[in-house]
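K.L.:
Submitted below is the structure of interest, expressed as structure tokens.
The values are calculated or read from the model by the stated rules, or taken from the named source; none is laboratory data. Everything quoted here is computed from the prediction, not taken from an experiment. FYI the Cβ positions are ideal-geometry reconstructions off the backbone, even for glycines, and counts take in every protein chain you see. Keep in mind that these areas ignore ligands, DNA and RNA; they rest on the heavy atoms of the full protein, side chains included. Shrake-Rupley method; radii C 1.70, N 1.55, O 1.52, S 1.80 Å.
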Amino acid sequence: MVNSLTKKTFFQSKIIPILKNSFKNCYIINTHSKEEAKLFLQNNLNSFDVFVACGGDGTIQLLAKELAYSDKILGILPCGSGNDFSKLLGNPNTINTFIDRQNPMI
């Protein structure tokens with residue numbers, strides 16, 4: 001799930017190929033509002049095993065709340081302006097570092 005405010009060109013040229021090479025069934029949704037993201041998650045929770053938040057702390061929080069108490073996996077691609085939660089977990093603090101490692105952390 002991509003926050004519509006994230007770095008779109010960079011995401012499309014770098015991140016999408018990594019995800020598509022890592023997973024057979026990779027579905028990418030670009031959301032424009034919290035309501036749209038919640039609705040997608042509620043309607044598709046049983047359709048996927050892994051959900052990846054590509055955005056900042058708000059995007060991660062939204063997915064974490066919707067996936068809580070489920071058996072789903074939450075992956076994080078730090079694409080926000082601060083990425084505080086991702087840094088707290090010890091994940092790469094920039095998207096460039098993340099790509100250089102070529103480790104989707106999922």
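K.L.:
When you look at residue 49, is it out of contact with any helix residue (DSSP H, G or I) (no Cβ under 9 Å at 6 or more places or on another chain) and modelled with pLDDT of 75 or more, yes or no?
P.N.:
yes
K.L.:
Taking the condition of being modelled with pLDDT of 90 or more, open to solvent by 20 Å² or more (accessible area, probe 1.4 Å) and hydrophobic (A, V, I, L, M, F, W, C), how many residues in segment 63-94 meet it?
P.N.:
Result for segment 63-94: 2.
K.L.:
Oh, and also: Looking at this structure, is residue 75 in contact (Cβ under 8 Å) with a residue 40 or more places away in the chain and among the small types (Gly, Ala, Ser)?
P.N.:
Answer is no for this residue.
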